[in-house]
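Single-structure report; data block below.
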Amino acid sequence: MNDGITTSDISQYLTFTLGDEHFAIGIEKVREVLDFTTITRVPRMPEHLLGVINLRGNVVPVIDLRLKLEMSAIEKTVDTCIMIVDVDMSGKSVNVGMLADSVQEVIDIDPSQIQPPPQLGSRVNTEFIRGMGKRHDEGFLIILDIDRVLSDDDATVLTETSEKGRIAA
């Protein structure tokens, strides 16, 4: 039976939680999901830029996505993980680790099930929200435009941090 939807109409998203909120990012941006590991703090970084991890000899900056989205800091649990994502920063693709309370699943969302970001007035910045996807339980997923979550200042710091090279193994 063909319901008129082709596979090219379906987009895949990795779903995750930050606090009680459910978020998603396009699976094409996700490289891997890691268990929480030691993060080396780098002095004079903004609060949401937690530091760096050693990922197979590469320096990967890690941000607390909750702090970046003006939520409370993540309290580490057994489910806390680091999503390694590709972020486009000034035309360069940079691997960035993003802390999440938990990663849920990869789901398919038909574009017709995605609503535009809500208009909440000029004081609320929603430019980093790609849309609102409908969940199975009638709730919504906030679909992030991960390339827009980070500011230009973040891009400069993260690009410089990741370009410092490899960590001695």
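Extension gain, THR38 to GLU70, is 9.2 nm, computed as 0.36 nm per intervening residue step minus the present C-alpha separation. A simple spin-label model places pseudo-atoms 7 Å from Cα toward Cβ; at GLN12 and GLU105 they are separated by 1.5 nm.
Highest-first packing order for the peptide set 36-48, 75-87 is 75-87, 36-48, based on the mean count of other beta carbon atoms within 10 Å. When peptides 140-149, 105-114 are sorted by average Cβ neighbour count within 10 Å, with the highest value leading, the order is 140-149, 105-114. Between GLU21 and HIS136, the distance separating the two model label sites (each 7 Å from Cα on the Cα→Cβ line) works out to 2.3 nm. So for the stretch 9-163, taking the charge dipole from beta-carbon charges (+1 Lys/Arg, -1 Asp/Glu), which of PHE140, GLN119, LEU150 sits furthest toward the positive end? Most positive-ward Cα: LEU150.
Given +1 at the Cβ of Lys and Arg, -1 at the Cβ of Asp and Glu and no other charges, the dipole of the stretch 9-163 around its Cα centre is 340 debye to the nearest 20.
Values in this text are rule-based calculations from the coordinates and carry no lab data. These numbers were taken from a predicted model, which means no experiment stands behind them. Cβ atoms come from the backbone with ideal geometry, glycine included; neighbour counts cover every protein chain shown.
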